[in-house]
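Working notes, beginning with the structure itself.
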Amino acid sequence: MAEAQGTRAVDDLHLQNLTKKFGDHAAVDDLTLTIPAGSFFALLGASGCGKTTTLRMVAGLEDPTSGTISIGDKDITGLRAFERPVNTVFQSYALFPHLDIFENVAFGLRRRGVKDVKGTVESMLDLVELSPMARRKPTQLSGGQQQRVAVARALINRPDVLLLDEPLGALDLKLRRQMQIELKRIQVEVGTTFVHVTHDQEEAMTMADTVAVMNAGRIEQMGHPADIYELPRTVFVANFLGQSNLIEGSRSGTSGDDVLVEANGLTFAIPSDRVFADGSAAIVGVRPEKITILDAVDGDRIPDHHNRLDGIVTDVSYTGVSTQYLVRTAWDQELIVFEQNVVVGDRSEVGDAVVLHWSPKHTFGLDGTGGTTIGVDPEVLALEAVNASLVSDAPEA
Amino acid sequence: MVAVVPTTGGQASAAVVAQRSSKTGYLLLFPGLAWLGVFFAIPFVTLFMTSLQQPIPGKSGKYTFGLEFGNYVEAFTEYWPLYVRSFMYAGIATVIALCIAYPLAYFIAFRAGRWRSLMLVLVIAPSFASFLLRTYAWKTILADEGFITSTLNALNLLPDDRILNTGIAVVAGLTYNFLPFMILPLYAALEKIDPRLVEAAGDLYASPQTAFRKVTWPLSMPGVVAGTLLTFIPAAGDYINAELLGSTGNRMIGNAIQTNFIEFRDYPTASALSFMLMAAILVLVFTYIRRAGTEDLV
């Protein structure tokens, strides 16, 4: 185990104005980013957002159109893949089928002319708990085991940066959860900088200490998972990372430290440091679990300064831990509300008139020029459109 | 189709289905086995018996049942240099074919993109013309006054001032004629290799050359083995190329078998020669496969 330790990364990874164009399309667009040494960094985005291209450029498998990549103060942009102090865990693992597990893991060491690989390989197999499998071929291993071989094969070279390209994508849900914990453990143990590319927001949030949300070749927002979730700065992030209720409106003034936004005849207060809209068009955002749902008759129990609106419950889904409500507002927008099931038997039902309220400090203000649907899965949008038309076509009761 | 009903009888009916499908398996095997029996096993035995026949005294060209193992000794003593030459020509042709086919198959598999199918068709296209015709064409291509010979002669590169009717022509003909049998299995093996494995090798400090040596080449071994066998075996027994492109000094064992059968009507000698060719090829192939270690490959 001692072999695997003591590899704490000391140099940060810098991407400077990194751009990759395929024809006219910029897959990665002027990306500047510093990934601190020893961090577990996740690049999160939908497919085609440029995250994998970014990773491949760092690995040396793709040449940038412009920009530089450096580790510490060493520029590695011009180095070819095999000359870089960077290793990759590939999406499909890409284990060598003609070599056994031991030789797969030893591959990198042998290429660099290391004579005695036995001890190092064995301690690495220990780290990923695969010692008994050393003489098996990759096809004889389960998906999770292959995944760990791929990690071991890359980590044994003590890279400055370990790149993981959707490493858990091929595993089923339960195994994925387990491997997330496993990978996190390994990262803490070896201290190497991990750059993890994924489209799974939950995976990014549970594993990484820094998450960068990518969209159309650019980074939309970067930071600690909780900070991004609690305070998304763009409509894309608000929609892509978790779910958000977004209400279109416009700035109507200020009240103390709060910015006031008027929407559909209602006024919402947002602390000014939580507003990221320059123009007058602004979007009021709130996460579903921050909203409290009350029967309309209890409306007088709402604290004075809270944001509030009235609506009618259109759907109730009980999920055990929580209940998810869909509430239609006076202007026919459906909002999502999550309520913890703390009190048994006190649920609102479909058709109930309710009032929703939440604290201004859970509200965020976003730029309203692009609409509220940026970052929503197009398939979800299509489905919502179908549902809406079904509702309007339904015969009146 | 039998519908399997999930009742207590389910297991029993599953057993019936299994039994029926195993019977179907044998049934499917039958046409192939019958074909092999009639056109391989029976002629094989006949050929072996012919190789042991003895001449009927006084009647030239007539033979009767015997156990004349001496036929083998005589045939071998007289013709062993032709075996050596056959294996040499076939060996050289196989190596040259491999050298030509590997880069070509590699290109088709990894770089040809949308031209892939067209290129594969072009590889097989010559087979639409007859083997004999194509070999005749090589007579023209390699003719003494032809472009190739005169060019090489102008450069003083030919020891005998000619190509036609030399071993070079025979090897060239063999290489050309069996090249598709080398390209296709190589292509099939290379095409199966995941390009990401080569990327992974590069990521793990292997230069492109090392990545080829350690990943692509070993993974293409099944294709190399299949291709070399499919080229070497027919090339070693071929007589058309030597007949049309070579001189009497370039005769191969196939020519000896052919003349003994057709011209001398010495069936026992011809049969003995065929048998020894078969045995020699079998030994060579087994040694080769064992050394190439294909059973260990995926």
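The values are calculated or read from the model by the stated rules, or taken from the named source; none is laboratory data. Fair warning: this is a prediction, and the values are worked out from it, not measured in the lab. Glycine gets a Cβ as well: all are built from the backbone with ideal geometry, and neighbour counts include every protein chain shown.
Residues that are basic (Lys, Arg) and within 16 Å of the chain's Cα centre (by Cα) within the stretch A:30-85 comprise just one, A:Lys51. Here A:Leu171 qualifies as part of a loop (DSSP other than H, G, I, E, B) and without any contact (Cβ under 8 Å) to a residue 40 or more places away in the chain. Going by the conditions given, is A:Leu13 under 20 Å from A:Ala216 (Cα atoms) and either touching a strand residue (DSSP E or B) at 6+ places or on another chain (Cβ under 8 Å) or away from every other protein chain (no Cβ under 14 Å) (or both)? No, not satisfied. In a residue-by-residue description of the stretch A:177-193, the property of being within 18 Å of A:Ser39 (Cα to Cα), modelled with pLDDT of 90 or more and among the hydroxyl-bearing types (Ser, Thr, Tyr) applies to at least one position. Apart from one condition, A:Ile181 fits all of (1) assigned to a helix (DSSP H, G or I); (2) more than 30 Å from A:Ala94 (Cα to Cα); the exception is (2).
For the stretch A:299-355, give me each residue that is surrounded by 15 or more Cβ atoms within 10 Å (Cβ to Cβ), over 15 Å from A:Gln243 (Cβ atoms) and among the aromatic types (Phe, Trp, Tyr). Within the stretch A:299-355, none qualify.
None of A:Gly143, A:Gly169 is within 22 Å of A:Val86 (Cα to Cα) and either surrounded by fewer than 22 Cβ atoms within 10 Å (Cβ to Cβ) or hydroxyl-bearing (Ser, Thr, Tyr) (or both) except A:Gly169. Checking every residue in the stretch A:57-72 against the condition of being within 9 Å of chain B (Cβ to nearest Cβ) and touching a strand residue (DSSP E or B) at 6+ places or on another chain (Cβ under 6 Å) gives at least one match.
Given the conditions (1) assigned by TED's automatic domain parsing to the domain that holds B:Ala270; (2) outside any helix (DSSP H, G or I); (3) not aromatic (Phe, Trp, Tyr), and given that B:Ser60 satisfies all but one, which numbered condition is not satisfied? Here B:Ser60 clears every test but (1). Scanning the stretch A:191-221 for residues that are part of a helix (DSSP H, G or I) and either of a type in the set (D, E, K, R) or surrounded by fewer than 22 Cβ atoms within 10 Å (Cβ to Cβ) (or both) yields a total of 5.
Tallying residues that are farther than 20 Å from A:His98 by Cβ and touching a Leu at 6+ places or on another chain (Cβ under 6 Å) within the stretch B:220-236 yields 1.
Which ones in the stretch A:363-386 are modelled with pLDDT of 90 or more and in contact with a strand residue (DSSP E or B) (Cβ under 6 Å, 6 or more places away or on another chain)?
Across the stretch A:363-386, the qualifying residues are A:Thr363, A:Phe364, A:Gly365, A:Leu366.
Restricting the search to the stretch B:173-211, which residues are facing another protein chain (nearest Cβ under 9 Å) and under 16 Å from the mean Cα position of the chain (by Cα)? None - no residue of the stretch B:173-211 is facing another protein chain (nearest Cβ under 9 Å) and under 16 Å from the mean Cα position of the chain (by Cα), so the list stays empty.
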